[in-house]
Amino acid sequence: MAIWLVFLVLGAIAGVLAGLLGVGGGLVLVAALAWIAPAFGIPQEAAMHTALASSLASIVLTATASARAHAKRGSVLWPTVRAMVPGLLIGGWLGSWVAVRIDGEWLRWIVAGYCLIAAAQLLFGKARAALGDDAPPPQGVAMAGAGVGIGAVSAVVGIGGGSMTVPLLVWRGVAPVRAVGTSSACGVAIGLASAIGYAFNAPPGALPHYAVGYVYLPAAIGVAVASVLAAPYGTRLAHRLHGDTLKRVFATFLILVALSLLLGG
């Protein structure tokens, strides 16, 4: 019961962050799971891979709940989602294939460095003017190509891609709250392809019990159940915040996660 309670609490936090930031709560889950994985009998050398894989598996349902809530408010650009999904699926699988071959300590530094770069981009990057409601959403070959890169990097750092998809869409002129909603929908494809990759590309017997490859089932299931229930609350908060405020919250969140990972090393 204690194990399930831990994962349910993490799931509730992840769900709120999914709706608020469009990241599926992946980054906070990676940091938290990397800290606590050894307490559940997972070898230290597999802790980071387990954190990434379990986070991505849970993101499938978390991002679905978040995207559904945003779609009800009209903040998902479906043409953009359709343009990016093929690349996201390919990139997610390739990224997980690469990640299982990287040492866990290197993965920790990669995730922390990624968080800091993404935070700096949000704080200091300049966006184009926001598109009007009748403006065509970003799509085409460029967005499909971006999907491959976003999917691959997301698989390596264990996220739903929000910290890349959101800045990209904001730079392309999409209002932040619509960028968050669109990112949530894209996160479903990333989580699905990446989790399958971590499950089937892992070495035999990667984890001692309750796992498929590197996906630790109690973590993935417990987090997913709670996050689905909590995601709509984050969505409501996202629609109440000003765009600049949402970006600052996003950046602060990324910096805190990076520090957690670095101290955890």
> For R236, are the conditions met, namely being over 19 Å from A12 (Cβ atoms), modelled with pLDDT of 75 or more, of a type outside the set (F, W, Y) and surrounded by fewer than 18 Cβ atoms within 10 Å (Cβ to Cβ)?
Replying inline: no
>> Taking the condition of being in contact with a Pro (Cβ under 8 Å, 6 or more places away or on another chain), modelled with pLDDT under 85 and among the aliphatic types (A, V, I, L, M), how many residues in the range 29-66 meet it?
In response: 1
> Could you count how many residues in the range 32-90 are in contact with a helix residue (DSSP H, G or I) (Cβ under 8 Å, 6 or more places away or on another chain) and either farther than 23 Å from Y210 by Cβ or open to solvent by 40 Å² or more (accessible area, probe 1.4 Å) (or both)?
Replying inline: 29
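The values are calculated or read from the model by the stated rules, or taken from the named source; none is laboratory data. Please read these numbers as outputs of a predicted model, since none were measured by experiment. Heads up, the Cβs are rebuilt from the backbone with ideal geometry, glycines too, and the neighbour counts pull from every protein chain shown. Accessible surface is based on the protein model in full, side chains and every heavy atom, while ligands, DNA and RNA are left aside. Shrake-Rupley method; radii C 1.70, N 1.55, O 1.52, S 1.80 Å.
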